[in-house]
Amino acid sequence: MLEIKELTGGYVNIPVLKDVSFEVGNGQLVGLIGLNGAGKSTTINEIIGLLTPYKGQIQIDGLELRTNPSDYRKKIGFIPETPSLYEELTLREHIETVAMAYDIEQETAFKRVDKLLEKFRLKEKLDWFPVHFSKGMKQLDWFPAYFSKGMKQKVMIICAFVVDPSLFIVDEPFLGLDPVAIADLIQLLDEEKKKGKSILMSTHVLDSAEKMCDSFVILHKGQVRAKGSLTELRAQFQMPDASLNDIYL
């Protein structure tokens, strides 16, 4: 599970987060929501180690980045908002590179993602380069054009599942995905929950979050404004019949 205790952090001595505390339990999907600038991305960057907290504690399954960096990082599968791929590597080589980085046998890695490659209709595209996924590329007889963001985002999802992590961190996962891919991702996350995995999801798609998430953390100006299940949030805001969107607004 993920445990964050009294986390204060930010950029160049500017504290964006102020005493943020929350947990994501085993088999739980927690929605991290808030306005732009509320601190969602900063929280994620602190967890994955791109930022170093000024104070506070972050643990995944009892491990901390500063004391056990290798094992800590192996606990995380990160699906970023903006896909970031190596233009010189094929899809197959991306999977192989992630496997090498996490000391995973190549055969094991491809077994883990075989069903995903089928689900996202990428199994026949293992030898494609990222440029082949680009929107607007001139269509050739042997080469169909695809939308850039959605196809690349599917590659990022597949790479995260290579790791088989304890904690999935999913940042705005629905942007750029078509409706079928969104349904596939929702199903995948539900399956991971049933395996006991922890999932932290940052999103502005509140209708989907309300249906998917077990509980929520509402950030406002770098602080936890409220947290809990939808029932608990309704009680905190004294809005007994409110939707998540009503509470957010």
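The values are calculated or read from the model by the stated rules, or taken from the named source; none is laboratory data. Just so it is clear, the structure is predicted and the values come from calculations on it, not from any experiment. All Cβ positions, glycine included, derive from the backbone under ideal geometry; neighbour counts span all protein chains shown. Heavy atoms of the whole protein, side chains included, go into the accessibility calculation; ligands, DNA and RNA do not. Shrake-Rupley method; radii C 1.70, N 1.55, O 1.52, S 1.80 Å.
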* To do: Check cross-link reach from Lys227 to the lysines: straight Cα distance under 19 Å, and skip same-chain residues fewer than eight apart.
  => Lys5, Lys18, Lys40, Lys211
* Whole-percent carbon and sulfur share, accessible surface of segment 159-205, 1.4 Å -> 58
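So, for the chain, what is the accessible surface per residue at a probe of 1.4 Å, expressed in square angstrom? Working shown, then result.
Details: 12570 Å² over 249 residues.
I get 50 Å² per residue for the chain.
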* **Estimated dipole of the chain in Debye, rounded to 20 [Cβ of Lys and Arg +1, of Asp and Glu -1, Cα centre]** => 300
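Which FRET efficiency value, to the nearest 0.05, is calculated for Gln106 and Ser21 with the Förster distance at 45 angstrom and r the Cβ-Cβ distance?
Working from the Cβ atoms, E equals 0.65.
Using only Cα atoms, what is the ratio of the radius of gyration of segment 189-249 to 2.2 N^0.38 Å? It would help to have the intermediate numbers written out before the result.
Values: Rg = 12.2 Å, N = 61, 2.2 N^0.38 = 10.5 Å.
Relative to the rule-of-thumb radius for its length, segment 189-249 sits at 1.16.
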* Asked: Put +1 on the Cβ of every Lys and Arg and -1 on every Asp and Glu Cβ in the chain; which of Leu185, Gln153, Ile58 then has its Cα farthest towards the positive end of the dipole?
  -> Ile58
* What number, in percent, do you get for the relative contact order of the chain if the mean sequence gap of Cα pairs under 8 Å and at least 6 apart is divided by its residue count? -> 29
* Structure fact -> Fraction of alpha-carbon pairs in segment 1-144 farther than 24 Å apart, rounded to whole percent, equals 48
* segment 111-122 - phi-based ³J(HN,Hα) in whole Hz, Karplus 6.51/-1.76/1.60, Gly and Pro as x -> 5, 5, 10, 4, 5, 5, 4, 5, 4, 8, 6, 10
* **15 Å Cα-Cα reach of Lys75 towards aspartates and glutamates, excluding residues that sit fewer than 8 places from it in its own chain** => Glu3, Glu46, Asp61, Glu64, Asp103, Asp164, Glu192
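Would you compute, from DSSP H runs of 4+ residues alone, the mean residue ellipticity of the chain at 222 nm, taking -39500 (n - 2.57) per run and dividing by the full residue count, rounded to the nearest 500? Mind dumping the intermediate values first?
Numbers: 9 runs with 90 residues, N = 249.
-10500 deg cm²/dmol, from helical runs alone.
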* Asked: Measuring from label point to label point, each 7 Å out along Cα→Cβ, what is the Ser70 to Thr8 span in nm?
  -> 3.4
* Structure fact -> Dividing the mean separation of Cα pairs under 8 Å (6+ apart) by the residue count of segment 1-95 yields a relative contact order in percent of 29
* **Among beta bridges that DSSP assigns inside the chain, antiparallel share in %, nearest 5** => 55
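Is the chain best put as rounded, prolate or oblate by its Cα gyration tensor, with a ≥ b ≥ c the root eigenvalues, rounded for a/c under 1.5, and otherwise prolate when a/b is larger than b/c, oblate when not?
Working: a/c = 1.87, a/b = 1.47, b/c = 1.27.
Taking the square roots of the gyration eigenvalues as a ≥ b ≥ c, the chain is prolate.
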* If you find the alpha carbon centre of segment 152-215 and of segment 1-56, how far apart are they in angstrom? -> 19
* Of all accessible surface on segment 1-143 at a 1.4 Å probe, what whole percent is carbon and sulfur? -> 50
* Asked: Under a straight-distance cross-link criterion of Cα-Cα below 23 Å, which lysines are reachable from Lys123, leaving out those fewer than 8 residues away in the same chain?
  -> Lys111, Lys115, Lys135, Lys138, Lys149, Lys152, Lys154
* Vicinal HN-Hα couplings computed from phi for segment 37-46 (Karplus, 6.51 cos²θ - 1.76 cosθ + 1.60; Hz; Gly/Pro x) -> x, 6, x, 5, 5, 4, 4, 4, 5, 5
